[in-house]
1. Determine which single condition residue 135 fails, assuming it passes every other condition in (1) under 14 Å from residue 62 (Cβ atoms); (2) crowded, with 21+ Cβ neighbours inside 10 Å.
2. Out of the stretch 141-152, which residues are more than 18 Å from residue 86 (Cα to Cα) and at pLDDT below 95?
3. For the stretch 172-182, indicate whether the set of residues that are touching a residue at least 60 places away in the same chain (Cβ under 8 Å), buried (at least 20 other Cβ atoms within 10 Å of the Cβ), at positive phi and not assigned by TED's automatic domain parsing to the domain that holds residue 221 is non-empty.
4. Go through (1) within 20 Å of residue 10 (Cα to Cα); (2) out of contact with any helix residue (DSSP H, G or I) (no Cβ under 8 Å at 6 or more places or on another chain); (3) free of Cβ contacts under 8 Å to residues at least 40 places away in the same chain for residue 72 and report which single condition fails.
5. Given the conditions (1) at pLDDT 90 or above; (2) surrounded by 16 or more Cβ atoms within 10 Å (Cβ to Cβ); (3) on the phi > 0 side of the Ramachandran plot, and given that residue 255 satisfies all but one, which numbered condition is not satisfied?
6. Of the conditions (1) in contact (Cβ under 8 Å) with a residue 24 or more places away in the chain; (2) in a helix (DSSP H, G or I), residue 262 fails just one. Which one is it?
7. Does the stretch 51-92 hold any residues that are assigned to a helix (DSSP H, G or I) and either within 17 Å of residue 148 (Cα to Cα) or not assigned by TED's automatic domain parsing to the domain that holds residue 32 (or both), and which are they?
8. Can you tell me which of 115, 65 is over 30 Å from residue 15 (Cβ atoms) and crowded, with 21+ Cβ neighbours inside 10 Å?
């Protein structure tokens, strides 16, 4: 069960893993304690073998980025301080990037800095139509972390990523959607229900097939067509041996909705 006092809330129910940033009074900024809580929560959710993972946040901001107060306290050894945080965070971000199930982020409010990575690392990004995104890093003389530059470049393009990260301009939710950073926009009061519908739809799908689709699409840019065709063939043949494929074919014959189990 989730513990309200935890810096990162987590649980897995009905095949849906949930990770909730829960340092609302500090804009969900990343402190050292928060980093450890995040790492531990990610590990526990993944170990529970969910069929989809949802990442969201509590409070007036989705995530403000690094904890500037801690940066000030550690300014004489800022590199060591940030290095210690990244040693905790990078492995967990890599774990999320390599999930074999869909990852959905729910951006209910504005974000910046490392919050960009938390939002844009997902396969599906649903956001409030009033959310805003700001690079943040260059304003304090820093470069990005946690994959923020990677996900901005991948979801939009390198030129857009450089503009966001270098010029520190604020982007509206609509501008983020136009660039491909946000996939769907909803009024704030409709966002939780929309995210829940998508999470349950994904959790009820053929999980093995979704995982293989995810890996194929994520790796497509790194392959020529010939090796990619081989990877597609291997994935398809593996899916064809699954119980979910047998159920999907039978459901098609029976003209009924398939009841997938993730096997």
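The values are calculated or read from the model by the stated rules, or taken from the named source; none is laboratory data. Treat the numbers as computed from the prediction; the structure is a model and nothing was measured. Every residue, glycine among them, receives a Cβ derived from its backbone with ideal geometry; neighbour counts consider all protein chains shown.
1. (1)
2. Matches in the stretch 141-152: none.
3. no
4. It is condition (1) that residue 72 fails.
5. Residue 255 satisfies all of (1) at pLDDT 90 or above; (2) surrounded by 16 or more Cβ atoms within 10 Å (Cβ to Cβ); (3) on the phi > 0 side of the Ramachandran plot except (2).
6. Against the list (1) in contact (Cβ under 8 Å) with a residue 24 or more places away in the chain; (2) in a helix (DSSP H, G or I), residue 262 comes up short only on (2).
7. 82, 83, 85, 86, 87, 88, 89, 90, 91, 92 - these are the residues of the stretch 51-92 that are assigned to a helix (DSSP H, G or I) and either within 17 Å of residue 148 (Cα to Cα) or not assigned by TED's automatic domain parsing to the domain that holds residue 32 (or both).
8. Sole residue among the options that is over 30 Å from residue 15 (Cβ atoms) and crowded, with 21+ Cβ neighbours inside 10 Å: 65.
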